[in-house]
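The values are calculated or read from the model by the stated rules, or taken from the named source; none is laboratory data. Here the structure is a predicted model, which is why all the values come from computation and not from measurement. Note that each Cβ is placed from the backbone with ideal geometry, even for glycine, and that neighbours are counted across all protein chains shown.
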Amino acid sequence: MKYGYARVSTDDQSSALQLAALKRAGCKTFFKDQGLSGATTKRPALLRCLKALQDGDTLIVWKLDRLGRSLRDLIAMLDDLMERGVKFGRKPKMTPQQVAHARKLIDQKDLDVRVENHTLTVRGERKFEADVKEQSFHRIERRYGSFFRAFTLPTTVDTENVAASYNAGVLKLELAKKPEAQPKQIRINVA
């Protein structure tokens, strides 16, 4: 069975867009937290959802940050779901028109990815301008905006081997694990 989880951070935000996407993805049962930050651990609908999930079920969310803001907590939650035999997915794939539009929104040179003190930060700035000239009108549309996200990395991540690639509007980050520590025998010198 497919379960959908939606969350909005404030009471004045609407979850209608998330719920519509989850319905299109085939979810039959929905859980929604209203007015709760992803940083809080007390999200009653999410807890009910996680309890309801059984082996073979699928949990679908609009975006990963709907589950939580901490990468560590997100990884732990996804590990728990995998161990229980629960599949995980996000909203349905975008239409070709949405993909084409998303590709125009941000340029690779406007992205910045850094790792410092086991914190991964991703910054971006969007600059979009469309100029339409017709016989009876001339319209210029401009959209600007920036975003910033920071994630605390688990100590098992090798921060020297973080890789980032950007293709067709998708930023892909690869986080390698540190090699396992090997026991080292220490030679004893006899005086």
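Assessment of region 52-61 against the conditions (surrounded by fewer than 16 Cβ atoms within 10 Å (Cβ to Cβ) and touching a Leu at 6+ places or on another chain (Cβ under 7 Å)) yields no matching residue.
For A6, the test of being aliphatic (A, V, I, L, M) and either without any contact (Cβ under 8 Å) to a residue 24 or more places away in the chain or surrounded by fewer than 17 Cβ atoms within 10 Å (Cβ to Cβ) (or both) is failed. Taking region 1-36 as the range and being assigned to a strand (DSSP E or B) and more than 17 Å from the chain's Cα centre (by Cα) as the test, the residues that pass are K2, Y3, T29, F30, F31, K32, D33, Q34. One residue stands out in region 132-156 among those that are within 19 Å of D110 (Cα to Cα) and among the charged types (D, E, K, R): the one that is modelled with the highest pLDDT, namely R149.
Out of L46, L64, which single residue is modelled with pLDDT of 80 or more and within 17 Å of Q18 (Cα to Cα)? Outline the logic, then answer.
Details: L64 fails: modelled with pLDDT of 80 or more.
The conditions single out L46.
As a summary of the residue check, E134 satisfies the conditions (1) surrounded by fewer than 10 Cβ atoms within 10 Å (Cβ to Cβ); (2) under 16 Å from the mean Cα position of the chain (by Cα) except for the one numbered (2). Considering region 92-131, and only residues there that are part of a loop (DSSP other than H, G, I, E, B) and touching a Lys or Arg at 6+ places or on another chain (Cβ under 8 Å), the residue that is modelled with the highest pLDDT turns out to be D107. Residue selection: A39 satisfies the criterion of being under 27 Å from A150 (Cβ atoms), under 17 Å from the mean Cα position of the chain (by Cα), loosely packed, with under 15 Cβ neighbours inside 10 Å and modelled with pLDDT under 80.
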